[in-house]
1. Select from the stretch 31-86 the residues that are within 21 Å of Thr124 (Cβ to Cβ) and of a type in the set (D, E, K, R) and write down the one among them that is surrounded by the most Cβ atoms within 10 Å (Cβ to Cβ).
2. How many residues are outside any strand (DSSP E or B) and farther than 18 Å from Ala134 by Cα if we restrict to the stretch 36-59?
3. Can you tell me how many residues in the stretch 109-124 are touching a Leu at 6+ places or on another chain (Cβ under 8 Å) and surrounded by 12 or more Cβ atoms within 10 Å (Cβ to Cβ)?
4. Given the criteria in contact (Cβ under 8 Å) with a residue 60 or more places away in the chain and over 15 Å from Val33 (Cα atoms), does Gln114 qualify?
5. Go through the residues of the stretch 125-144 one by one and say whether even a single one is assigned to a loop (DSSP other than H, G, I, E, B) and loosely packed, with under 14 Cβ neighbours inside 10 Å.
6. In the stretch 1-24, what residues are more than 21 Å from Tyr92 (Cβ to Cβ), at pLDDT 95 or above and either surrounded by 15 or more Cβ atoms within 10 Å (Cβ to Cβ) or hydrophobic (A, V, I, L, M, F, W, C) (or both)?
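The values are calculated or read from the model by the stated rules, or taken from the named source; none is laboratory data. The shown structure was predicted, so the numbers you read here are calculated from the model rather than taken from an experiment. Backbone-built Cβ (ideal geometry, glycine too); neighbour counts: all protein chains shown.
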Amino acid sequence: MPRLEGLMKAELLKSRTFSISIAAAPQAVYEFVSNPANLPRWAWAFCKSIRQENGQWVIQTDMGAMTFRVAPANDYGVLDHFVSPSPDFEIYVPMRVIANGPHASEVIFTLFQQPGMSDGQFKTDAGLVEKDLAGLKKVMESFAAGLSQAEKKS
């Protein structure tokens, strides 16, 4: 029988996972989202502006300035990002883009209720995530439609 000494009960954070279908190729969605400079173009509810400062991305939010970094470039659609409201606290935000049929994408985003965050604040954050994912869908589908129109004119 395995020894269970020293095992502690894991602290689970409440989470909510969102998914949105986008009529745009996964590679196009990945390339757009993986570039932090594009954040204000689709994450309007969260990011008001972004700039590079001392080799880091700094975003301006309704809660003030925060540092932002995204997972290194990869071939798997991993768009995980990390947001730091203060130098000693980093929030992990899992995000993926996967194929949904031959020419469309599914974007999956998990939000964790952070320690000390009320249920009301978590609900508000969830609403912001839904708005931002809808913004991403709008931007990517508008871009894809524009490309399609350009191809028809050629």
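1. My answer is Lys48.
2. Residues of the stretch 36-59 outside any strand (DSSP E or B): 36-48, 54-55.
So of that shortlist, the ones also farther than 18 Å from Ala134 by Cα come out as 37, 54-55.
Number satisfying all stated conditions: 3.
3. Applying the first criterion (touching a Leu at 6+ places or on another chain (Cβ under 8 Å)) to the stretch 109-124 yields 109, 112-115, 122.
So of that shortlist, the ones also surrounded by 12 or more Cβ atoms within 10 Å (Cβ to Cβ) come out as 109, 112-114, 122.
So the answer is 5.
4. Yes.
5. Within the stretch 125-144 (the criterion being assigned to a loop (DSSP other than H, G, I, E, B) and loosely packed, with under 14 Cβ neighbours inside 10 Å), the answer is no, since none of the residues qualifies.
6. Ile22, Ala23, Ala24
Table: residues versus (1) in a strand (DSSP E or B); (2) within 14 Å of the chain's Cα centre (by Cα).
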site: Asn74; (1), (2): no, no
site: Glu90; (1), (2): yes, no
site: His103; (1), (2): no, no
site: Thr110; (1), (2): yes, yes
